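Student: Input: one structure, supplied below.
Where a number appears in this text, it was derived from the coordinates with a stated rule and is not lab data. These numbers come from a predicted model, not from an experiment. Backbone-built Cβ (ideal geometry, glycine too); neighbour counts: all protein chains shown.
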There are 2 protein chains.
Amino acid sequence: MSLELTILGCHSATPRVNAHPTSQYLEINNRHFLIDCGEGTQRQMRKHKVGFSKINQIFISHLHGDHFFGLIGLISTFGILNREKELHIYGPKGLKQVTTLQLKVSKSYSKFEIIYHELISKESELIFEDDKVSVTTIPLNHRVYTNGFLFKEKTGQKKLHIENVQQYPEIETCDYHNIKAGKDYILESGEVVKNEELTLPPPKTKSYAFCSDTSYKEDIVPIIKNVDLLYHEATFLSDREDLAKKTKHSTAKQAAQIAALANVNQLIIGHYSSRYQNIELFKEEAAAIFENVILATEGKKVLI
Amino acid sequence: MSLELTILGCHSATPRVNAHPTSQYLEINNRHFLIDCGEGTQRQMRKHKVGFSKINQIFISHLHGDHFFGLIGLISTFGILNREKELHIYGPKGLKQVTTLQLKVSKSYSKFEIIYHELISKESELIFEDDKVSVTTIPLNHRVYTNGFLFKEKTGQKKLHIENVQQYPEIETCDYHNIKAGKDYILESGEVVKNEELTLPPPKTKSYAFCSDTSYKEDIVPIIKNVDLLYHEATFLSDREDLAKKTKHSTAKQAAQIAALANVNQLIIGHYSSRYQNIELFKEEAAAIFENVILATEGKKVLI
């Protein structure tokens with residue numbers, strides 16, 4: 001089980017030459033998700049070797065341009081690449097209408113189906129689930145309806161305690177499936193070997209919480225409690241806390257406070273305002289509150 | 001009077017790391033126009049030092065994504081930059097609806113007004129005119145409704161033939177305006193000095209024709225006759241003339257044929273298909289028909 005996050009863009013507002021708006025690529029337990037899709041995301045995907053065909057789910061936090069203006073171009077490129085697989089898009093109500101209209105005026109009729117999962121709830125809800133991963137919304141507080149997303153690996157199967165298993169020659173390979181699924185083993189003698197003796201616990205599951213854009217919001221703490229990795233926006237430093245409040249963004253300090261309250265393992269911050277030249281200051285400010293913090297930079301990969 | 005074209009993007013279809021879709025910046029007689037606006041155009045504008053505030057007119061040839069998906073991001077950035085001036089957008093019907101919807105869902109309410117000039121005519125028409133420049137459509141033949149654009153400097157004022165003027169001491173500086181406007185000068189003696197004696201002809205006007213995307217279309221020749229610079233798309237080489245015909249694009253040879261028929265001074269080609277690794281082949285193919293040809297490359301400036 002593994003979790004790897006790739007930062008495709010981590011700056012706020014307008015795209016600049018070396019500062020792309022928000023987009024992230026998440027590989028979690030062999031699932032491949034795109035999170036937010038600012039203008040230029042498809043270019044950043046190519047630059048950082050993200051396979052277009054792997055992505056079947058796209059999660060859009062909110063409908064500010066720096067988080068979704070790249071979506072139509074990516075969808076269009078999927079069509080040009082002759083995609084046939086369904087594409088699932090999760091995001092605020094309105095996304096379907098705007099995307100559909102753009103495809104209509106550009107007469108882009110693709111072979112693949114787009115399935116929209118439009119979000120309206122203000123409560124945290126399960127929006128994706130399969131046998132490997134679940135995705136839950138994290139309601140945020142921004143100028144428009146916004147969700148973060150919590151990605152969690154599901155508990156896998158137990159592992160065989162192979163040394164103990166080998167103590168019982170009559171247990172054969174074909175029995176392993178049942179044992180890993182949690183069943184006890186009954187020997188020919190009738191003796192019951194408890195499953196706990198034959199197995200080790202499954203690997204620890206990993207989790208990732210993406211929170212952008214939002215003002216400081218303690219309500220999210222219970223949802224993101226103990227995650228392995230938290231991305232929390234930090235648009236400003238504390239010198240602009242007033243501006244953060246006004247624009248419903250967070251400071252680096254506030255991001256760190258949320259990380260500390262939620263007892264996460266690691267914090268990654270981004271969405272820096274272009275008014276700051278030196279993003280190291282964001283790390284300094286956050287690290288004073290929460291030590292295990294890193295800065296999002298384009299192309300950075302975080303492996304858990 | 002001067003004309004300078006800057007290529008911001010010159011590749012077809014999907015954006016790649018070093019291959020941006022169509023966009024051009026034209027400075028003509030102190031007017032500043034943006035022509036087409038594929039995804040990533042605003043990034044390319046920053047990279048190539050195009051001043052955002054200079055642009056008051058944007059011309060969109062057609063509604064395929066590689067020619068307009070960057071428009072909404074640019075408009076949005078104009079808003080973030082606190083633009084207050086009107087913005088005029090010329091392009092096919094549908095552009096207003098799609099842009100307005102995107103601004104609405106992203107709650108981007110800007111201080112500046114956007115004035116849409118939606119085009120529906122299949123005949124060449126004058127769509128912009130002031131005292132310096134005129135812009136006329138060039139109806140093209142593509143899979144969707146498409147126009148090229150002809151940009152022409154207007155004839156300026158005559159120049160003073162200063163040596164001749166100085167032969168008449170009674171002509172004063174305050175008379176120059178009328179003389180440059182074409183009036184004869186009447187001496188105190190009643191003698192008429194003909195305007196031709198006092199002036200030189202105005203500088204030669206410059207013109208630029210932008211033609212993308214289109215199949216080979218000889219009808220456009222009369223419209224673009226004798227222009228100083230012609231951009232004509234060349235998506236394919238002649239080895240794929242069948243594909244050019246099917247997709248309503250042109251080959252490098254066909255672009256050169258149009259340039260030759262129209263007796264233009266210089267041809268610039270672009271919109272290369274990604275299937276070709278070596279774009280020099282486009283130049284070779286075109287030059288066999290029309291010698292004064294150059295290749296569009298990102299950041300290239302052509303000064304007339």
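Student: Angle, helix A:95-105 long axis vs. longest principal axis of chain A, Cα atoms, 0 to 90°, nearest 10?
Tutor: With rounding to tens, the tilt is 70 degrees.
Student: Using only the alpha-carbon atoms of chain A as identical scatterers, what base-10 log of I(q)/I(0) does the Debye formula give at q = 0.07 Å⁻¹?
Tutor: Evaluating at q = 0.07 Å⁻¹ gives log10 I(q)/I(0) of -0.32.
Student: What number, in percent, do you get for the relative contact order of chain A if the mean sequence gap of Cα pairs under 8 Å and at least 6 apart is divided by its residue count?
Tutor: This gives 17 percent for chain A.
Student: So, one more: For residue A:145, what is the net charge nearby, where nearby means another residue's Cβ is under 9 Å from its Cβ and Lys, Arg count +1, Asp, Glu -1?
Tutor: Value of the local net charge: +2.
Student: Another question, if that's okay. Along Cα→Cβ at 7 Å, what distances in nm separate the residue A:167 label point from those on the other copies, shortest first?
Tutor: Computed spacing set for this position: 12.3 nm.
Student: Further question: Between the alpha-carbon centers of region A:241-304 and region B:247-262, tell me the distance in whole angstrom.
Tutor: 54
Student: Per the Kirkwood definition applied to all pairs of different Cα atoms, how many angstroms is the hydrodynamic radius of the protein assembly as shown?
Tutor: 27.6
Student: Return the average number of partner chain Cβ atoms within 10 angstrom of each residue Cβ along peptide A:71-81.
Tutor: 4
Student: Another one. So, R0 is 41 Å and r is the distance between the beta-carbons of residue B:188 and residue B:157; what FRET efficiency does that work out to, to 0.05?
Tutor: Once rounded, the FRET efficiency stands at 0.95.
Student: Against the longest alpha carbon principal axis of chain B, how many degrees, from 0 to 90 and to the nearest 10, is the axis of helix B:252-261 turned?
Tutor: The angle comes out at about 20 degrees.
Student: Extending each Cα 7 Å along its Cβ direction at residue A:112 and residue B:226, get the distance between those two points in nm, one decimal.
Tutor: Label at residue A:112, label at residue B:226, 5.2 nm between them.
Student: Taking each label point as 7 Å beyond Cα in the direction of the beta carbon, state the distances from residue B:194 to the same residue in the other copies, shortest first, in nm.
Tutor: Computed spacing set for this position: 12.0 nm.
Student: Neighbouring Cβ atoms within 10 Å as the yardstick, rank B:41, B:6 fewest first.
Tutor: B:6, B:41
Student: In whole angstrom, note down how far apart the Cα centers of region B:53-108 and region A:72-99 are.
Tutor: 21
Student: For region A:75-177, which GluC sites (Glu not before Pro) are in a loop by DSSP, counting at most 16 other Cβ atoms within 10 Å?
Tutor: Of the GluC sites (Glu not before Pro), the ones in loops of region A:75-177 whose Cβ has at most 16 other Cβ atoms within 10 Å are A:84, A:86, A:113, A:123, A:125, A:170, A:172.
Student: Any idea what diffusion coefficient region A:107-177 gets from Stokes-Einstein, in µm²/s, Kirkwood Rh on alpha carbon pairs, 37 °C, 0.692 mPa s?
Tutor: The Stokes-Einstein estimate is 195 µm²/s.
Student: Of the options B:8, B:59, A:234, report the single residue whose Cα projects farthest towards the positive end of the charge dipole of the protein assembly as shown (beta-carbon charges: Lys, Arg +1; Asp, Glu -1).
Tutor: My answer, from the dipole projection, is B:59.
Student: Ignoring solvent entirely, what values of log10 I(q)/I(0) come out of the Debye formula for region A:1-142 at 0.16 Å⁻¹ when each Cα is a single scatterer?
Tutor: -0.86
Student: Run the dipole for region A:159-200 about the Cα centre, Lys and Arg Cβ at +1, Asp and Glu Cβ at -1, nothing else charged, and hand back the magnitude in debye, nearest 20.
Tutor: My answer is approximately 240 debye.
Student: Related question: Only counting other Cβ atoms within 10 Å, I'd like B:174, B:37, B:10 sorted with the fewest neighbours first.
Tutor: B:174, B:10, B:37
Student: Working from Cα positions, state the angle (0 to 90°, nearest 10) between the long axis of helix A:71-80 and the longest principal axis of chain A.
Tutor: Orientation of helix A:71-80: about 60 degrees from the principal axis.
Student: Whose amide H sits under 5 Å from the amide H of residue B:93, counting only residues 5 or more places off or on another chain, with H placed in the peptide plane?
Tutor: Amide H neighbours of residue B:93, under 5 Å, 5+ apart: B:119.
Student: Measuring from a point 7 Å out along Cα→Cβ, what nm distances, shortest first, does residue B:2 have to its partners in the other copies?
Tutor: Taking the point 7 Å beyond Cα along Cα→Cβ, the inter-copy spacings are 5.5 nm.
Student: Considering only the other residues whose Cβ falls under 12 Å of the Cβ of residue A:55, what net charge follows from Lys and Arg at +1 and Asp and Glu at -1?
Tutor: Charge balance in the 12 Å sphere: +2.
Student: Let me ask another. Using θ = phi - 60° and the Karplus relation 6.51 cos²θ - 1.76 cosθ + 1.60, list the HN-Hα couplings for region B:144-154 in order, rounded to whole Hz, with x at every Gly or Pro.
Tutor: So the Karplus estimates, Gly and Pro as x, are 10, 4, 9, 10, x, 9, 9, 9, 10, 5, 8 Hz.
Student: Which one of A:182, A:193, A:167 has its Cα pushed farthest toward the positive end of the charge dipole of region A:159-200, where Lys and Arg give +1 and Asp and Glu give -1 at the Cβ?
Tutor: Result: A:182.
Student: Given R₀ = 45 Å, what would the calculated FRET efficiency be for residue A:134 paired with residue B:277, taking r from the Cβ atoms and rounding to 0.05?
Tutor: 0.55
Student: Sum up the charges of everything whose Cβ sits under 9 Å from the Cβ of residue A:12, counting Lys and Arg as +1 and Asp and Glu as -1, but leave residue A:12 out.
Tutor: -3
Student: Further question on the same structure: Once all Cα-Cα distances of region B:159-200 are split into 10 Å bins that start at 0, what whole-number percent is in each one?
Tutor: Using 10 Å bins, I get a P(r) of 32, 65, 3 for region B:159-200.
Student: Next up: Could you state the number of Å between the C-alpha centres of region B:115-184 and region A:164-200?
Tutor: 91
Student: Can you tell me what share of the DSSP beta bridges in the protein assembly as shown is antiparallel? A percent to the nearest 5 is fine.
Tutor: Counting only bridges with both partners in the protein assembly as shown, antiparallel ones make up about 55 percent.
Student: May I ask you to derive the relative contact order of region A:159-200, considering only C-alpha pairs under 8 Å and at least 6 residues apart, and to give it as an integer percent?
Tutor: Rounded, it is 50 percent for region A:159-200.
Student: Something else: For residue B:61, list long-range residues whose amide hydrogen, built 1.01 Å from N in the peptide plane, is under 5 Å from its own amide hydrogen.
Tutor: Answer set, sorted by chain and number: B:36.
Student: Further question on the same structure: Between residue A:294 and residue A:164, how many nm apart are label points set 7 Å from Cα along the C-beta direction?
Tutor: Here the answer is 3.5 nm between the modelled labels.
Student: Through the Karplus equation 6.51 cos²θ - 1.76 cosθ + 1.60, θ set to phi - 60°, convert the phi angles of region A:126-132 into ³J(HN,Hα) values in whole Hz; use x for Gly and Pro.
Tutor: Whole-Hz 3J(HN,Hα) from phi for region A:126-132: 6, 10, 8, 7, 9, 6, 10.
Student: Relative to the Cα centre, what is the charge dipole magnitude of chain B, using +1 at the beta carbon of each Lys and Arg, -1 at the beta carbon of each Asp and Glu, and rounding to the nearest 20 debye?
Tutor: Using Cβ point charges on Lys, Arg, Asp and Glu, chain B gives about 1480 debye.
Student: Here's something else I'd like to know. Can you pull the one-decimal nm distance between simple spin-label points at residue A:56 and residue B:239, each 7 Å off the Cα toward Cβ?
Tutor: My value for the distance between the label points is 3.7 nm.
Student: About its Cα centre, what dipole magnitude does the protein assembly as shown give when the only charges are +1 on Lys and Arg Cβ and -1 on Asp and Glu Cβ, stated in debye to the nearest 20?
Tutor: 360
Student: Which entries of A:96/A:283; A:225/B:104; B:49/B:253; B:122/B:300; A:300/B:47 show an alpha-carbon separation above 28 angstrom in the structure shown?
Tutor: Pairs exceeding 28 Å: A:96/A:283; A:225/B:104; B:49/B:253; B:122/B:300.
Student: At 25 °C and 0.890 mPa s, what whole-number value in µm²/s does Stokes-Einstein give for the translational diffusion of region B:131-211, with Rh from the Kirkwood sum over Cα pairs?
Tutor: Diffusion coefficient, whole number: 159 µm²/s.
Student: Let me ask another. From the phi of every residue in region A:13-30, what ³J(HN,Hα) in whole Hz does the Karplus formula 6.51 cos²θ - 1.76 cosθ + 1.60 yield, where θ is phi - 60° and glycine or proline is x?
Tutor: These are the phi-based 3J(HN,Hα) values: 6, 8, x, 10, 4, 10, 9, 9, x, 4, 6, 9, 10, 10, 9, 9, 6, 6 Hz.
Student: By DSSP, what percent of the beta bridges with both residues in chain A are antiparallel, rounded to the nearest 5?
Tutor: In chain A, DSSP labels about 55 percent of beta bridges as antiparallel.
Student: Can you list residues whose amide H is under 5 Å from residue B:266's amide H, if they're 5+ apart or on another chain and H is modeled 1.01 Å from N?
Tutor: So residue B:266 has HN proximity to B:229, B:230.
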